[in-house]
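Encoded as structure tokens, the structure appears first; notes follow it.
The values are calculated or read from the model by the stated rules, or taken from the named source; none is laboratory data. Only a predicted model underlies this, so the values are computations on that prediction, with no experimental measurement involved. Glycine gets a Cβ as well: all are built from the backbone with ideal geometry, and neighbour counts include every protein chain shown.
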Amino acid sequence: MGTPGDRGTSGRVRTALARLRTLLSPHPRLVDWSLFALLLVVLLTGVLGFLSGRPDEAWVFATHGVAGISLVAFLYFKLRRVRGRLAELTVTRALSVLMVLATVGALATGVWWVFGGTLDLGPWGLLNLHVGLGLLVVPLLAYHLTRRFRPLSSTDFEGRRTALQYTALVGAGALAWRLQGSANRLLDTAGATRRFTGSRETGSGDGNAFPVTAWVADDPDPVSVSDWTLSVRGLVGSPADLAYAAVSPAHEDRALAVRTDRASFAVHEDRALLDCTSGWYSEHDWQGLRVGDLLDAVGVHEDAAWVQFRSVTGYRWSLPLAEARDATLATHVDGDRLAHGHGFPLRLVAPGRRGFQWVKWVEEVRVTRRRDRSEWLAVFVSGVEE
Ligand SMILES: Nc1nc2c(c(=O)[nH]1)N[C@H]1C(S)=C(S)[C@@H](COP(=O)(O)O)O[C@H]1N2
Ligand SMILES: [Mo]
């Protein structure tokens, strides 16, 4: 309802929007292939993001964001074209609908996260839901391709027009991605304190007061230092078993355990930032021993290339030898003894690596020639099988 004048205005706006859509919308098959390409980029950078945390890897997250936002326009063109097909619902179409829902859900949770949203799903949060929805797209997309694959042909391209359309659409995506940063600061949302990885700050510099996180199900009983030793094995000159007193700062726990015949180590301190893929980060001064000092004490074979850190739970991760030497096996955080949840008596501090690689409750350091591929599986199942 409204006056004839209103109708005139809204009519004109509608005509203008329709014209803009016609102007910007690529050939249908090109829309489909662009959607596929953008989904691939978003999925690959999403997975790669789990392994990225150093500032020079920021492009991974920028690409993820820009491609995600660009997806919206192509999704709109596509849905406008196919919405009539829903009248007759087949299994293939139902799965396509599910794929659209998962994609829109992943986009919505991603945007919500960027603007500071949170969600409490028991052990999981909003970012985990975002990842879950994204992963759900993978099999649905594979199935969709087997049913609906249509090759691109050169007639789908319209030269300059197509080039301009893509410049406008992806440019708009990049601009929107840039503007969200300013919008976040302006509105002062919880999203404004994000790192380039998307993680938000919590508990930095405050000892043990930061979240305790298990990747999936690792939840061992507290480790008693009287039953615990740090074993150094693999390609080393002289394998060693060290008591807590040998790896902890000299002023602490002298009476706790009989020293082995090894010299104890210089206290090493490193300020490093733990960035968990579930969306938080915390920066601390970690005290412990430098892995390089430990390796020097036992001697490393010439053909050693990897150092694996193994938890009492079976959880394990490897670092290349040179990087491992600079890592820390921490007994303390900000001068406080590590709490059980944070990995007492010993946890790996691997600067620049994502949190899941900072193995807690370390009981063995293993020097190897080749990387142990099974650790990928161990990260997921450790704690589950018990
Ligand atoms: N043994 C073991 N180490 C582990 C984990 C685990 O589940 N088991 N979780 C990892 C994950 S996902 C993160 S983010 C950090 C979290 O360390 P925090 O619990 O001290 O915050 O530890 C990592 N080290
Ligand atoms: Mo994590």
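Checked against (1) assigned to a loop (DSSP other than H, G, I, E, B); (2) under 30 Å from Pro123 (Cα atoms), Tyr281 meets all criteria but (1). Looking for something more than 21 Å from Met99 (Cβ to Cβ) and touching a strand residue (DSSP E or B) at 6+ places or on another chain (Cβ under 7 Å) - is there at least one such residue anywhere in region 114-136? For region 114-136, residues more than 21 Å from Met99 (Cβ to Cβ) and touching a strand residue (DSSP E or B) at 6+ places or on another chain (Cβ under 7 Å): present.
Taking Pro220, is it closer than 24 Å to Phe356 by Cα and surrounded by 13 or more Cβ atoms within 10 Å (Cβ to Cβ)? Yes, satisfied. Taken over region 162-217, the criterion of being more than 16 Å from ligand 1 (Cβ to nearest atom), of a type in the set (Phe, Trp, Tyr) and either free of Cβ contacts under 8 Å to residues at least 60 places away in the same chain or outside any helix (DSSP H, G or I) (or both) is satisfied by Phe196 alone.
Can you work out which of the residues in region 343-356 that are closer than 14 Å to Tyr281 by Cα and not in a loop (DSSP other than H, G, I, E, B) is farthest from ligand 1 (Cβ to nearest atom)? The qualifying residue farthest from ligand 1 (Cβ to nearest atom) is Val349. Against the list (1) part of a strand (DSSP E or B); (2) within 13 Å of ligand 1 (Cβ to nearest atom), the condition Val365 fails is (2).
Of Val236, Val291, Val232, Val247, all but one fail to be surrounded by 19 or more Cβ atoms within 10 Å (Cβ to Cβ), among the hydrophobic types (A, V, I, L, M, F, W, C), at pLDDT below 95 and at negative phi; the exception is Val247. Counting residues in region 131-149 that are in contact with a helix residue (DSSP H, G or I) (Cβ under 6 Å, 6 or more places away or on another chain), of a type in the set (D, E, K, R) and not in a strand (DSSP E or B) gives one or more.
Results for (1) among the aliphatic types (A, V, I, L, M); (2) surrounded by fewer than 19 Cβ atoms within 10 Å (Cβ to Cβ); (3) farther than 21 Å from Asp275 by Cβ, shown as yes or no for each residue.
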residue: Ala297; (1), (2), (3): yes, no, yes
residue: Glu323; (1), (2), (3): no, yes, no
residue: Asp326; (1), (2), (3): no, yes, no
residue: Ala330; (1), (2), (3): yes, no, no
residue: Val333; (1), (2), (3): yes, no, no
residue: Ala339; (1), (2), (3): yes, yes, no
residue: Pro351; (1), (2), (3): no, yes, no
residue: Lys360; (1), (2), (3): no, no, no
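With respect to the stated conditions, Asp261 is surrounded by fewer than 21 Cβ atoms within 10 Å (Cβ to Cβ), of a type in the set (D, E, K, R), at pLDDT below 95 and farther than 16 Å from Thr331 by Cα.
Within region 205-225, the set of residues being of a type in the set (Ser, Thr, Tyr) and within 16 Å of ligand 2 (Cβ to nearest atom) comprises just one member, Thr213.
Of the residues making up region 332-342, one or more are more than 13 Å from ligand 1 (Cβ to nearest atom) and on the phi > 0 side of the Ramachandran plot. One residue stands out in region 267-323 among those that are touching a strand residue (DSSP E or B) at 6+ places or on another chain (Cβ under 8 Å) and among the β-branched types (Val, Ile, Thr): the one that is nearest to ligand 2 (Cβ to nearest atom), namely Thr277. Among residues of region 357-378 that are within 18 Å of Glu302 (Cα to Cα) and at pLDDT below 95, none has a beta-carbon under 7 Å from a residue that is within 11 Å of ligand 1 (Cβ to nearest atom) and not hydrophobic (A, V, I, L, M, F, W, C) at least six positions away or on a different chain. Only residues that are within 20 Å of the chain's Cα centre (by Cα) and among the aromatic types (Phe, Trp, Tyr) were counted across region 327-386, and they come to 4.
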